[in-house]
């Protein structure tokens, strides 16, 4: 049943729009002044119609929002990223993200935000932001922490739920009501490739607000990447062929020894390059098997001198041809 027909009442019209957001509000909690404070709302379209978001804004200058991808096809997903300005604003701040939708019909959703920005604890810079980090290497960033209030304020321990992130604090100065620490954060060399978004928690001796979160972000880049990382073959008839270019990029020149498939259907053919290069474009030709149904295979590329192979999955649907 069409979405518009199914949700005719005005209240329901607004409610269907709220349902595309997995979470309807966010409380950042108690944060330090100057801290990078961000959150991503996951947005999923569960409906049969395409959803288009026409406008995103916030109700207060203390917050901001951005959503690069605003068209969600049925089953599609994206993120709405929001941030609080902890440099210009202090203490309790409340705001809302206002999302306007113009298709399949008009609706407006408000997502409340809240944060308490401390005046006594200041970060510089606002987070441990690493940018790009080569996989297999370690990286280190330092965040300065300044406290104003009492001489005996201290950071007693650090909590991290991510085994690839470690941290330590170094006392820099203490006296005249001010305490200064350096927080040294390290990304471990065995961190997997991909985007790392996490935080560590400073545990202080402040009885009222003992916990201070610190955001940690990094993009761990593998020495060799494959595009696309997931090969969607679409719908094909038995015996139909389809050729897709698979691109491999490396930081250094490399050569490919062989391509293997997990299944024994021998549905893929490729001519491997003979020379080493930083970039290889592999024209991968798929021939659909005779049996109709879902196709799923795991492809493995062995790289000369590289202990770990590169793996990616290919899926598709084999559609039976009509006998009429």
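Which parts of the range 228-260 would a label at residue 313 reach, counting a residue when its backbone N lies under 13 Å from a point 7 Å out along Cα-to-Cβ?
Under 13 Å, as judged by backbone N against the label point of residue 313, lie 229-233 of the range 228-260.
Of all DSSP beta bridges in the chain, what percent run antiparallel (nearest 5)?
Taking every DSSP beta bridge within the chain, about 85 percent pair in antiparallel fashion.
Based on the mean of other Cβ atoms within 10 Å per residue, sort peptides 168-175, 107-114 so the most packed one is first.
Peptide ranking by packing, descending: 107-114, 168-175.
For the pair residue 81 and residue 321, what calculated FRET efficiency results from E = 1/(1 + (r/R0)^6), where r is the Cβ-Cβ distance and R0 = 41 Å, to the nearest 0.05?
With R0 = 41 Å, the Cβ-Cβ based efficiency is 0.35.
When the convex hull of the C-alpha atoms of the range 87-174 is computed, what volume per residue in Å³ does it have?
Roughly 191 Å³ of hull volume per residue.
How high is the FRET efficiency from residue 140 to residue 252, r the C-beta distance, R0 25 Å, rounded to 0.05?
0.60
In nm, give the distance between the simple-model label positions of residue 279 and residue 92, each being 7 Å from the Cα along the Cα-to-Cβ direction.
5.6 nm
Give me the number: length gained by fully extending residue 245 to residue 14, i.e. 0.36 nm times residue separation minus the C-alpha to C-alpha distance, one decimal in nm.
78.8 nm
What distance in nm lies between label points placed 7 Å from Cα along the C-beta direction at residue 166 and residue 229?
With each label placed 7 Å out from Cα toward Cβ, I get 2.6 nm.
How would you classify the range 125-221 from its alpha-carbon gyration tensor, with a ≥ b ≥ c the square roots of the eigenvalues: rounded for a/c under 1.5, else prolate if a/b is greater than b/c, otherwise oblate?
Prolate shape, in that a/c is at least 1.5 and a/b is the bigger ratio.
What is the distance in Å between the Cα centroid of the range 165-184 and that of the range 66-87?
Here the answer is 35 Å between Cα centres.
Mind checking the full-extension length gain between residue 40 and residue 25? Use 0.36 nm per residue of separation minus the Cα-Cα distance, one decimal, nm.
Extra length from residue 40 to residue 25 when fully extended: 4.3 nm.
Can you tell me how much longer the chain between residue 291 and residue 265 gets when fully stretched, taken as 0.36 nm per residue apart minus their C-alpha distance, in nm with one decimal?
So the extension gain works out to 8.3 nm.
Per residue of the chain, what 222 nm ellipticity follows from adding -39500 (n - 2.57) for every DSSP H run with n ≥ 4, rounded to the nearest 500?
One gets -1000 deg cm²/dmol as the mean residue ellipticity at 222 nm.
What does the C-alpha gyration tensor say about the overall shape of the chain? Classify as rounded when a/c is under 1.5, otherwise prolate if a/b is larger than b/c, or oblate.
The shape class here is oblate.
Determine, from the Cβ-Cβ distance of residue 157 and residue 59 and an R0 of 30 Å, the FRET efficiency 1/(1 + (r/R0)^6), rounded to the nearest 0.05.
Working from the Cβ atoms, E equals 0.20.
Read-outs: derived from the displayed coordinates by stated rules, not from any lab. Keep in mind that what you see is a predicted model, and the values were worked out from it rather than measured. Methodologically, a virtual Cβ is constructed for each residue, glycine included, from the backbone with ideal geometry; neighbour enumeration extends over all protein chains shown.
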